[in-house]
Each structure stands twice: as C-alpha cells, then as structure tokens.
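Inspection log for the structure reproduced underneath, given as structure tokens.
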Amino acid sequence: MRFALETPRLSLRLRDHADAEWNLELLAEHDPPNVSFGVEEMRERLASQRVAAMSSGLGLLTVRRRADGAALGYCGLIVGRSTVDEPEIVYELLRRHHGHGYATEAARAVVSAAAETGRERVWATVRPWNAASLRVLDKVGFVRHHADVDGDGELVYLKRELS
Ligand SMILES: CC(C)(COP(=O)(O)OP(=O)(O)OC[C@H]1O[C@@H](n2cnc3c(N)ncnc32)[C@H](O)[C@@H]1OP(=O)(O)O)[C@@H](O)C(=O)NCCC(=O)NCCS
C-alpha cells in the first residue's frame, strides 16, 4: 500500500522512531494502562515495525492534522487475524482528538489505498461494545460478516468489498 496519504484535513505517513512519545501516551490511555516499557524501547519497536512494513507492504501510518502537524493517532493495515491478501484495518486516536470525524477520514483514505493495490477485500475485528469503532466502520462501508468468541469475549468480524 502507499505509505503517504493525504485527505482534506489529514496527512498519513508510515510510523517511525520519532513517533515514540505520542504512541506511549496512547498506550497509557488504554484500560488498563500499558506502561510496561519506556521511550527507548518504543523507538526500537517502531523502527523495526517500519522495516517490516517496507517488506510486507502493510503498515500503520501516523495520522497528523495538516493544519498544525499535531499527531492524532494511527490508522493502517495489518495481517492481524486475517491474511496479507485480505488484511485488517486498525486505528486508534488519542482521546483528546476523538469526536471530530478524524478516524473516519483516515480509514477512508486507508481503504482507498488498499483498493489501489488490487486487493478485493479488507477486514475489521471489533468488540461489540465498541460503538464508536463500529460506527466508523459503518460510515466507511464495512458490513458485519460473523462473530466469534475468544479469551476476551465476543469479537465481531466485518468486511469491506473493494471492487
Ligand atoms: C474508534 C475511534 C478511533 C473513533 O475515533 P473518532 O475520530 O472519534 O471517530 P469519528 O469521529 O470519525 O466517528 C465516530 C462515530 O462514532 C460515534 N460514537 C462515538 N461514541 C459513540 C458511542 N458511545 N455510541 C454510539 N456512537 C458513538 C460518533 O458520534 C461518530 O459517529 P457520527 O459521525 O455518526 O456522529 C476512537 O474512539 C478510538 O481511538 N478508540 C480507541 C481505540 C479503538 O477502539 N480502536 C478501534 C479498535 S477496533
């Protein structure tokens, strides 16, 4: 997929070591907070994820607001619970940036980038309680496919046809 995307309000670029600080902030916002490692380890993780993305063609992009360059979160494609040919979309934004339509705008750009590669389908997996994420997927054209249960409870699988 293309690793540099633009939308009216957003700029998306492959994450790298310089994104460590705000990614740590994102992890600290998890419930429970994930604060098990520091900035050096995060820099190393992001650098190796970048290398892996260049090799697989799938990766997570930093979502920045074009108006001021603020890092809002990430959005991208991973193999996840699916495959390289039919990857999963994932996204996560810092709490202070929720509710402005940014995730929807970023997800639309990533779906378009997936379509450009000739792929036929993209997947998403979401917990049924995650109303905001389900709404984003609905707005971007994903439809429910099936539900499964894992160690953390029910998981909804949705797909977006690209052709
Ligand atoms: C999911 C997430 C990325 C959404 O980001 P966002 O920028 O706020 O999303 P958008 O503003 O584009 O759209 C959110 C939609 O959900 C709706 N929404 C938000 N909270 C909701 C709730 N509790 N119940 C119902 N709808 C809700 C909003 O009203 C909006 O819909 P609308 O445009 O029809 O009004 C953000 O909440 C997040 O980072 N959550 C934590 C990480 C996560 O859950 N990632 C997805 C894992 S599958």
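Values as computed for the structure displayed
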quantity: Axial C-alpha extent at least 18 Å, average Kyte-Doolittle at least -1.0 - helices from the chain (DSSP); calculated: 39-56, 102-116
quantity: Largest to smallest principal axis extent of the C-alpha atoms in the chain, angstrom; calculated: 39, 35, 32
quantity: Stokes-Einstein D in µm²/s, Kirkwood radius over Cα pairs - region 75-148 at 4 °C with 1.567 mPa s viscosity; calculated: 101 µm²/s
quantity: Carbon and sulfur %, accessible surface of the chain computed with the full protein complex present, 1.4 Å; calculated: 51 percent
quantity: Rounded accessible area per residue of region 1-137, 1.4 Å, Å²; calculated: 50 Å²
quantity: Total charge dipole magnitude, region 4-161, about the Cα centre, Cβ charges on Lys, Arg, Asp, Glu only, Debye to nearest 20; calculated: 560 debye
quantity: Where chymotrypsin sites (Phe, Trp or Tyr not before Pro) fall in DSSP loop in region 16-84, at most 16 other Cβ within 10 Å; calculated: Phe37
quantity: Inter-part distance where region 19-44 and region 77-143 are each reduced to a Cα centre, Å; calculated: 22 Å
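The values are calculated or read from the model by the stated rules, or taken from the named source; none is laboratory data. What you see is a predicted model; the values in this text were computed from it and never measured. Positions of Cβ are generated from backbone atoms using ideal geometry, with glycine treated the same way; all protein chains shown enter the neighbour counts. We work out accessible area using only protein heavy atoms, side chains counted, and drop any ligands, DNA or RNA first. Shrake-Rupley method; radii C 1.70, N 1.55, O 1.52, S 1.80 Å.
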